[in-house]
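Below is one structure, written out as structure tokens; the observations come after it.
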Amino acid sequence: MIRPLKKDDDLPKVASLIYECDEEMMSILFGKKEKALERIKALILKEHNSLSYRNIYCYYDDEIKGIVVNYAFGKENDKLSGKDYIDALPLWFILKMSIVYSRIDKLITKRDSGHYIECLCVEKESRSEGIGERLINYVASSIDSKELYLDVSAYNEKAIRFYNRVGFNTVERKETKEGLCTYTMLKTL
């Protein structure tokens, strides 16, 4: 069953799935895993940031087996909110994060319209059971947009093959001078 995430769900597991979605990027943004999970969980509990529980759907079968973080471009409530970060994270970390974010900002897709999947992750034990595809189809069927975007690490060949199989096509390649590289992928609905 797919349903919206609730604040009383297994948030440590959800934070871990978000971190596992792109460990390299999450470690750059949030630091080492143990602390990163605390920071991600704090943001999940807030209302107005991309990792808010309001933007997360979970595949639930006696426990959470997979999640998708998604939001509409241009929708004010789903954009990053400085207040959420100030409330959830220490000031020194926000300053550090803003410096890092300024270096990787061009890797992240921004549009005036459409819908964006920020993160899709299925627990390792439940992969190859169709959960990821079901989560994507759920998002696709529940939005009023005709365009569904995501960014994927150019080095994650397994994820790229999966996204191609479920109807996404690469529309842009982005790279930082530090060598990080992502593909923007689009599924037209």
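The values are calculated or read from the model by the stated rules, or taken from the named source; none is laboratory data. No experiment lies behind these values; they were computed from the predicted model shown. Cβ coordinates were reconstructed from backbone atoms using ideal geometry, including for glycine residues, and neighbour counts include every protein chain displayed.
When the residues of region 1-42 are filtered to those that are basic (Lys, Arg) and not in a helix (DSSP H, G or I), the one that is nearest to residue 66 (Cα to Cα) is 3. When residue 182 is tested against (1) touching a strand residue (DSSP E or B) at 6+ places or on another chain (Cβ under 7 Å); (2) modelled with pLDDT under 95; (3) in a helix (DSSP H, G or I); (4) surrounded by 17 or more Cβ atoms within 10 Å (Cβ to Cβ), just one condition goes unmet, and that condition is (3). Tallying residues that are crowded, with 18+ Cβ neighbours inside 10 Å, within 20 Å of residue 180 (Cβ to Cβ) and either in contact (Cβ under 8 Å) with a residue 60 or more places away in the chain or of a type in the set (A, V, I, L, M, F, W, C) (or both) within region 9-50 yields 9. Can you tell me which residue in region 17-56 is farthest from residue 3 (Cα to Cα), limited to those that are of a type in the set (Ser, Thr, Tyr) and touching a helix residue (DSSP H, G or I) at 6+ places or on another chain (Cβ under 6 Å)? Among those residues, the one meeting the criterion is 19. I'd like to verify a number: residues in region 100-138 that are over 25 Å from residue 189 (Cβ atoms) and in a helix (DSSP H, G or I), how many? The number of residues fulfilling the criteria is 10.
Could you say whether any residue in region 70-84 is crowded, with 17+ Cβ neighbours inside 10 Å, in a helix (DSSP H, G or I) and out of contact with any Cys (no Cβ under 6 Å at 6 or more places or on another chain)? Yes; the residues of region 70-84 include at least one that is crowded, with 17+ Cβ neighbours inside 10 Å, in a helix (DSSP H, G or I) and out of contact with any Cys (no Cβ under 6 Å at 6 or more places or on another chain). Considering the conditions (1) within 21 Å of residue 31 (Cβ to Cβ); (2) loosely packed, with under 15 Cβ neighbours inside 10 Å, residue 141 is excluded by exactly one of them, (1).
Residues that are of a type outside the set (Asp, Glu) and at pLDDT below 95 within region 160-178 comprise 173, 174, 176, 177, listed in sequence order.
The set of residues from region 152-183 being over 14 Å from residue 120 (Cβ atoms) and aliphatic (A, V, I, L, M) comprises 154, 171, 180. Taken together, the criteria exclude residue 155 from residues that are within 28 Å of residue 60 (Cα to Cα), of a type in the set (Ser, Thr, Tyr) and not in a helix (DSSP H, G or I).
Is there a residue being small (Gly, Ala, Ser), closer than 21 Å to residue 139 by Cα and not in a helix (DSSP H, G or I) anywhere in region 54-67?
Pass one, region 54-67, residues small (Gly, Ala, Ser): 66.
Next cut, closer than 21 Å to residue 139 by Cα only: 66.
Applying the additional criterion that residues be not in a helix (DSSP H, G or I) yields 66.
Scanning region 54-67, I find at least one residue that is small (Gly, Ala, Ser), closer than 21 Å to residue 139 by Cα and not in a helix (DSSP H, G or I), so the answer is yes.
Out of region 9-33, which residues are more than 22 Å from residue 104 (Cα to Cα) and either within 14 Å of the chain's Cα centre (by Cα) or modelled with pLDDT under 95 (or both)? Reasoning before the result, please.
Initial filter on region 9-33 (more than 22 Å from residue 104 (Cα to Cα)): 9-14.
Correct list: 14 only.
One residue is enough: does region 23-33 have a residue meeting the conditions of a type in the set (S, T, N, Q) and farther than 24 Å from residue 115 by Cα?
If we filter region 23-33 for residues that are of a type in the set (S, T, N, Q), which is where we start, we get 27.
Restricting the remaining residues to those that are farther than 24 Å from residue 115 by Cα gives 27.
There is at least one residue in region 23-33 that is of a type in the set (S, T, N, Q) and farther than 24 Å from residue 115 by Cα.
Kindly provide the set of residues from region 99-136 that are free of Cβ contacts under 8 Å to residues at least 24 places away in the same chain and farther than 26 Å from residue 12 by Cβ, ordered by number. Passing the criteria: 99, 102, 105. When we screen 93, 162 for residues that are of a type in the set (Phe, Trp, Tyr) and surrounded by 16 or more Cβ atoms within 10 Å (Cβ to Cβ), the only hit is 162.
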